[in-house]
Amino acid sequence: MTPRFDLRPKLGPLGFPACIEDLFRKVLVTATIACCGIACGSTPAPGGTPNPDAAGTGGKGASAPDGSTTFVDDGASPVSLTPPAGVVADLAETRAQLSSSAPDGADAFLATWKPAYAASLGYDPLQAVNITTLQASASKLNAAETAKLGANGFVISARQTFPTFFNGYESIYADHLPVFISADSILH
């Protein structure tokens, strides 16, 4: 029997990996506060200045502890923005989590998050489903590459290179092989 491994991450309600959805939620909360401030006019218009006398700004026009900010556009009425308490609480929680887990430097980072390496893969990559399809294609692995695949679970071929990501994907597509599309290729 050929082993099958499910390496897919746990998906959240939106269909993305749960860790990505959690990070996205936290970034969205921060972005929402920033965008609401801009959209609601809490930043000074060109020529406007923060109101140094606004309540809760400490005479500097900065945000108050409740998250509100007051600015005055020269010649206009003061505008004050107070985000919902839940948004302020989420932002405070996110900031606390980030500051509590942030290491002071590279040594502290390595001490906090030591990588753990497995002694072996725990499976034989050369028994993967459809390895014969790969070996029957124009992209087949040579003996040295096959040995690396067996030892490491992956291989990067210096022998088979392409001038662009598109050319590489086109070759894989033409051979009817499964493809992994990486973020760097999309950004390229």
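The values are calculated or read from the model by the stated rules, or taken from the named source; none is laboratory data. Being a predicted model, the structure only gives us computed values, none of them experimental. No Cβ is skipped: glycine too gets one built from the backbone with ideal geometry, and neighbour counts run over all protein chains shown.
Which condition does LEU121 not pass, out of (1) in contact (Cβ under 8 Å) with a residue 24 or more places away in the chain; (2) closer than 20 Å to TYR169 by Cβ, if it passes all the others?
For LEU121, the failing item is (2).
Name the residues in region 75-86 that are buried (at least 16 other Cβ atoms within 10 Å of the Cβ) and within 18 Å of VAL27 (Cβ to Cβ), would you?
PRO83
With the structure loaded, tell me whether ASP104 is modelled with pLDDT of 75 or more and not in a helix (DSSP H, G or I) or whether it fails that test.
For ASP104, the condition - modelled with pLDDT of 75 or more and not in a helix (DSSP H, G or I) - is met.
Collect the residues in region 175-188 that are in contact (Cβ under 8 Å) with a residue 24 or more places away in the chain and surrounded by 11 or more Cβ atoms within 10 Å (Cβ to Cβ), keeping them in residue-number order.
Scanning region 175-188 gives ASP175, LEU177.
Quick check on region 116-135. Is at least one of its residues out of contact with any helix residue (DSSP H, G or I) (no Cβ under 9 Å at 6 or more places or on another chain), modelled with pLDDT of 90 or more and loosely packed, with under 11 Cβ neighbours inside 10 Å?
Within region 116-135, one or more residues are out of contact with any helix residue (DSSP H, G or I) (no Cβ under 9 Å at 6 or more places or on another chain), modelled with pLDDT of 90 or more and loosely packed, with under 11 Cβ neighbours inside 10 Å.
How do the pairs read when you match residues in region 146-162 that are surrounded by 10 or more Cβ atoms within 10 Å (Cβ to Cβ) with residues anywhere that are part of a loop (DSSP other than H, G, I, E, B), using Cβ under 6 Å and keeping only pairs 6 or more apart or on different chains?
Listed by first residue and then by second, the contacts come to LYS148/VAL155; LEU149/VAL155; GLY153/LEU121.
Would you mind finding the one in ASP184, ASP175 that is under 30 Å from ARG25 (Cα atoms) and touching a helix residue (DSSP H, G or I) at 6+ places or on another chain (Cβ under 9 Å)?
ASP184
Kindly check whether there is at least one residue in region 88-105 that is loosely packed, with under 15 Cβ neighbours inside 10 Å and over 30 Å from the mean Cα position of the chain (by Cα).
No: zero hits.
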